[in-house]
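S.K.: Dropping a structure here in structure tokens format, bear with me for questions.
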Amino acid sequence: MTPFPQIIDEDFERITAVLNEFLSQSEASNALIVEKAGYLIVEVGETPPFNTAELATLAANAFNATQFMVDRLGEENFTGMFQQGDKTSVLWMNIDENSLLIVVFDASKSLGAVKYYAAEAAAAVAKQIAIAQDRDASGGIDLAHLDPASADDVFKKKSADE
Amino acid sequence: MAIINQANKEIQVKIVYYGPAQCGKTTNLEKVHSDVETANPEDKGKMVSLATSSDRTLFFDFLPIEAMSIKGYKTKFQLYTVPGQVIYNTTRQLVLRGVDGIVFVADSQYEKMEENVESLANLEDNLKTLRMSIRDIPYVLQYNKRDLPNIAPVDYMEFLLNNREVKVPSFEASAFQTEGVFETLNMITKMLLHKFINQGG
């Protein structure tokens, strides 16, 4: 499996522009690009009343769980998933082997329109990720000068009186 | 695999706590969540537990936590546990997706040795299914529940669980008393950061 590529400013700006356009077309409130291991990569939309990193993790794992059904059903892949709420609905759209588009929208909005525009947005994001993938070989951050000692005790326990 | 987001200046890393049922994986995360010192309250996310009504992990526990910056990059750690119960193997495979580092939590009680060995073998099998090898992934062992009376000597646990050419670091712990919890987490973190240094990101 090819790992998710490093994202640079150019990718971030392009993906953000695609998602903003998608939100204005579909009238959805939030769009997230999530790596399937549960990492939130890009988020666009209204200030949400939920923690987007948490939603990204739950959404990625929920989608991955359904992929176990793919083999049993003799399918190649599931391209999406949908959950209808009373007030808010969520659409999952597969982008590529590593990433997903998660869309949060008002339950009164048309699912058909959201799905239609989401498919276009997912294809555009996939294209940009492919560009990042091609560039990735020369990418990377130089950590050569990082002092390994600085990696000691990254996490500290609070003292008893705190 | 860790995600390096140069646009957001973020490195995201996934650590999975693995081990047999009721060995203390969730307790490790709970203690990290309650006792970790953070500069900003927002560095520590909320712990999410998808558990059964009897508090057994059904899907996973998840704790996002932010550590120091490396060369201007925020390092975000995602700590997960897997359900230990044998029947949830598919779920364990699911949670292992994209794992960067593993903490294997073993239960030190004598009667749990067989389950420890089976769980470690199950981890190796599940990694193979995901086309990964335990030899390529940084991992540490934690011998938990050292506060209980009927525990096996550490040498015996080393023989059972760490009997290989290159031994991995192991820690005695009583997660319930927050002993050994931070030592274990810091070691796997250090191993991961060293791996990034060696691989140049």
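S.K.: For B:Lys14, all conditions in the list (1) facing chain A (nearest Cβ under 10 Å); (2) without any contact (Cβ under 8 Å) to a residue 60 or more places away in the chain; (3) touching a strand residue (DSSP E or B) at 6+ places or on another chain (Cβ under 7 Å) hold save one; what is the number of the exception?
M.R.: (2)
S.K.: In this structure, is A:Asp136 modelled with pLDDT under 85, part of a helix (DSSP H, G or I) and surrounded by 12 or more Cβ atoms within 10 Å (Cβ to Cβ)?
M.R.: When the stated conditions are applied, A:Asp136 passes them.
S.K.: Still on this structure, please answer the following. Return the pair list, or none, for Cβ contacts closer than 7 Å from residues in region B:28-44 that are over 15 Å from B:Thr178 (Cβ atoms) to residues that are crowded, with 16+ Cβ neighbours inside 10 Å, at least 6 apart or on different chains.
M.R.: B:Thr38/B:Lys44; B:Asp43/B:Ile65; B:Asp43/B:Glu66; B:Lys44/B:His33; B:Lys44/B:Val36; B:Lys44/B:Ile65
S.K.: Any idea which residue in region B:98-125 is modelled with the lowest pLDDT, counting only those that are over 21 Å from B:Ala175 (Cβ atoms) and surrounded by 21 or more Cβ atoms within 10 Å (Cβ to Cβ)?
M.R.: Ranking the qualifying residues of region B:98-125, first place goes to B:Gly98.
S.K.: Do any helices (runs of 4 or more DSSP H) lying entirely in region B:107-201 carry at least 3 residues that are β-branched (Val, Ile, Thr) and under 30 Å from A:Lys158 (Cβ atoms), and which ones are they?
M.R.: Hits in region B:107-201: B:181-199.
S.K.: Let me ask something else about it. Can you tell me which condition A:Glu76 does not meet? The list is (1) under 26 Å from B:Phe77 (Cα atoms); (2) in a loop (DSSP other than H, G, I, E, B), and all the others hold.
M.R.: Single failed check for A:Glu76: (1).
S.K.: Same structure, new question: So B:Glu30 clears everything in (1) farther than 30 Å from A:Gln128 by Cβ; (2) at pLDDT below 90; (3) assigned to a helix (DSSP H, G or I) except one condition, right? Which one?
M.R.: (2)
S.K.: Just the residues that are of a type in the set (S, T, N, Q) and part of a helix (DSSP H, G or I), please, taken from region A:85-131.
M.R.: The answer is A:Gln128, and nothing else.
S.K.: So how many residues does region A:63-94 have that are within 14 Å of chain B (Cβ to nearest Cβ) and crowded, with 18+ Cβ neighbours inside 10 Å? Give the steps one after another, and end with the answer.
M.R.: Looking only at region A:63-94, we keep the residues that are within 14 Å of chain B (Cβ to nearest Cβ), and these are A:63-72.
Of the ones still in play, those that are also crowded, with 18+ Cβ neighbours inside 10 Å are A:63-64.
Total satisfying the criteria: 2.
S.K.: Can we say B:Gln142 is at pLDDT 95 or above and loosely packed, with under 14 Cβ neighbours inside 10 Å?
M.R.: The answer is no for B:Gln142.
S.K.: How about region B:84-122: which of its residues are without any contact (Cβ under 8 Å) to a residue 40 or more places away in the chain and touching a helix residue (DSSP H, G or I) at 6+ places or on another chain (Cβ under 9 Å)?
M.R.: Of everything in region B:84-122, those that are without any contact (Cβ under 8 Å) to a residue 40 or more places away in the chain and touching a helix residue (DSSP H, G or I) at 6+ places or on another chain (Cβ under 9 Å) turn out to be B:Asn89, B:Thr90, B:Thr91, B:Gln93, B:Leu94, B:Arg97, B:Asn122.
S.K.: So, one more: For region A:77-98, which residues satisfy the criterion of being modelled with pLDDT under 95 and hydroxyl-bearing (Ser, Thr, Tyr)?
M.R.: Of everything in region A:77-98, just one residue is modelled with pLDDT under 95 and hydroxyl-bearing (Ser, Thr, Tyr), namely A:Thr79.
S.K.: Which one of these does A:Ile7 not meet: (1) closer than 25 Å to B:Ile15 by Cβ; (2) more than 10 Å from chain B (Cβ to nearest Cβ)?
M.R.: (2)
S.K.: Please specify each residue of region B:51-90 satisfying the condition of being among the β-branched types (Val, Ile, Thr) and in a strand (DSSP E or B).
M.R.: Keep residues of region B:51-90 that are among the β-branched types (Val, Ile, Thr), which gives B:52, B:57, B:65, B:70, B:75, B:81-82, B:86-87, B:90.
Selection gives B:Thr57, B:Ile65, B:Ile70, B:Thr75, B:Thr81.
S.K.: With the condition kept exactly as written, say whether any residue in region B:174-189 is aromatic (Phe, Trp, Tyr), within 14 Å of chain A (Cβ to nearest Cβ) and crowded, with 18+ Cβ neighbours inside 10 Å.
M.R.: Checking region B:174-189: at least one residue is aromatic (Phe, Trp, Tyr), within 14 Å of chain A (Cβ to nearest Cβ) and crowded, with 18+ Cβ neighbours inside 10 Å.
S.K.: Please go through (1) out of contact with any Phe, Trp or Tyr (no Cβ under 8 Å at 6 or more places or on another chain); (2) more than 12 Å from every other protein chain (Cβ to nearest Cβ); (3) touching a residue at least 12 places away in the same chain (Cβ under 8 Å) for B:Tyr73 and return the number of the only condition it doesn't satisfy.
M.R.: (2)
S.K.: Looking at region B:101-138, which of the residues that are more than 14 Å from chain A (Cβ to nearest Cβ) and aliphatic (A, V, I, L, M) is nearest to B:Lys25 (Cα to Cα)?
M.R.: B:Val105
S.K.: Looking only at residues that are assigned to a helix (DSSP H, G or I) and among the β-branched types (Val, Ile, Thr) in region A:11-36, which one is farthest from B:Gln6 (Cα to Cα)?
M.R.: Looking at residues that are assigned to a helix (DSSP H, G or I) and among the β-branched types (Val, Ile, Thr), I get A:Val18.
The values are calculated or read from the model by the stated rules, or taken from the named source; none is laboratory data. All of these numbers come straight from a predicted model, not from anything done at the bench. Every residue, glycine among them, receives a Cβ derived from its backbone with ideal geometry; neighbour counts consider all protein chains shown.
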